[in-house]
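Laboratory data are not the source of any read-out in this text; all were calculated from the coordinates shown. What you are looking at is a predicted structure, and each value in this text was computed from that prediction instead of being measured. Glycine also receives a Cβ, built like all others from the backbone with ideal geometry; neighbour counts cover every protein chain displayed.
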Amino acid sequence: MASQIEEIKSAVDIVQVIGERVNLTKAGKNFKGLCPFHSEKTPSFFVTPEIQRYKCFGCGKSGDVLTFVQEYDSLTFAEALEMLAKRAGITLKRQAFSPEDAHRKQLYEVLHLAREYFHYVLTEHKLGEPARAYLKTRGITGETIKTFGLGYAPNSWDGLYNYLVKKKKYDVRELEDVGLVIRKTGSRGTGAGDVYDRFRGRIMFPLTDAQGKVVGFSGRVLDPEIKEAKYINSPETQLYHKSELLFGYSVLKNFIRKEEEVLVVEGELDALSSYQAGIQNVVAIKGSALTEKQIRLLSRSVKRVILALDADSAGVEATKRAIETARPFELSLRVLP
């Protein structure tokens, strides 16, 4: 395995990999840029093609392409190795996964299939007709639905359960681990009568990490008169951490990086409407709180942040907090009225 690790690292260009995540400029034989691991105004982060390594002379972080994607993309060793192997067109000779890594891989697969299921119901099944009609009234096009992978969870207690457990043969405990099903009070079994689908009768917005992997979902009711929460989200899980994610970032990050500017809105539908209006450097924070981790993620790609949060009291307070939270990152902030 050690020889194959070296083969994979040799097959990818560290400058290209890091350059897709950090704005680099030529500096003699090296490349330099602002360090993605700490806040700075003057570039102290250097990448050396000759030895295929990077080093920040500000914070001291250093390593090779494998350690970089592990830290920058928040991947385990096995996940980073698999990603680079795929990029290089190399097939891993044997599984490099520990039991923990293998479990995480299964969880990602479950979430990926859940997105496919919800998307199919929305776009092709008759059960998705009410959701298609609703999105049409909101002006959301088929192209946008496809681009962002929107879906619909049918109003059923076991629709997703039947698909993932009975048809695809996944363990119900894996569905529990990613928050797709809820266990009935007092139940300890793994059958259909022991759990029920968390999302029912809702437009589904896949929530992805920076690499585009599904880690959770947000579900919106169709009828605002229904006495339920307008939105429900996946619970915090091994993969999903609300404070770290931005809806739309993984889809639009290349546009965001190119513009070096991002428009921050509150909800998913706000982001989709902005996207359809031609604003392709937009993200949604899924609520009114822009967190330090979200700002850190954006600071890797942009110099300017435009806040367009709701004008109600919660939105005004959130804007004030966002300005204070962003101050250490030395970003240019503008607030839309």
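Descriptive notes on the structure:
- Length released on extending from K166 to D223, taking residue separation times 0.36 nm less the Cα-Cα span: 17.5 nm
- In range of the label at T137: residues from the range 228-253 whose backbone nitrogen is under 20 Å from the point 7 Å along Cα→Cβ: 228-232
- Residues of type aspartates and glutamates that K32 reaches as a straight line, Cα spacing below 20 Å, ignoring anything fewer than 8 places off in the same chain: D13, E20, E40, E50, D64, E71, D73, E259, E260, E330
- Cα-projected label distance for H103 with S332, points at 7 Å along beta-carbon direction, nm: 4.7 nm
- Here is how the number arises for the chain: DSSP H runs of 4 or more residues each give -39500 (n - 2.57), the sum is divided by the residue count, and the result at 222 nm is -11000 deg cm²/dmol.
- DSSP beta bridges in the chain [antiparallel fraction, %, rounded to 5]: 70 percent
- Here N30 and T67 are evaluated by their C-beta separation; at R0 = 22 Å the FRET efficiency comes out at 0.80.
- Magnitude of the charge dipole for the chain, about its Cα centre and with charges confined to Cβ atoms of Lys, Arg (+1) and Asp, Glu (-1), is about 300 debye.
- Count Lys and Arg as plus one, Asp and Glu as minus one, and take only other residues whose Cβ is under 15 Å from that of L122; the net charge is then +4.
- Farthest towards the positive end of the charge dipole of the chain, among the residues F68, S234, T123, is the Cα of F68, using unit charges on the Cβ of Lys, Arg, Asp and Glu.
- Cβ-Cβ distance of N155 and Q276, R₀ of 25 Å, FRET efficiency by 1/(1 + (r/R0)^6): the value works out to about 0.35.
- Counting DSSP beta bridges with both ends in the range 212-337, the antiparallel % (nearest 5): 25 percent
- Pairwise centroid distance, computed over Cα atoms, of the range 21-42 with the range 210-240, Å: 36 Å
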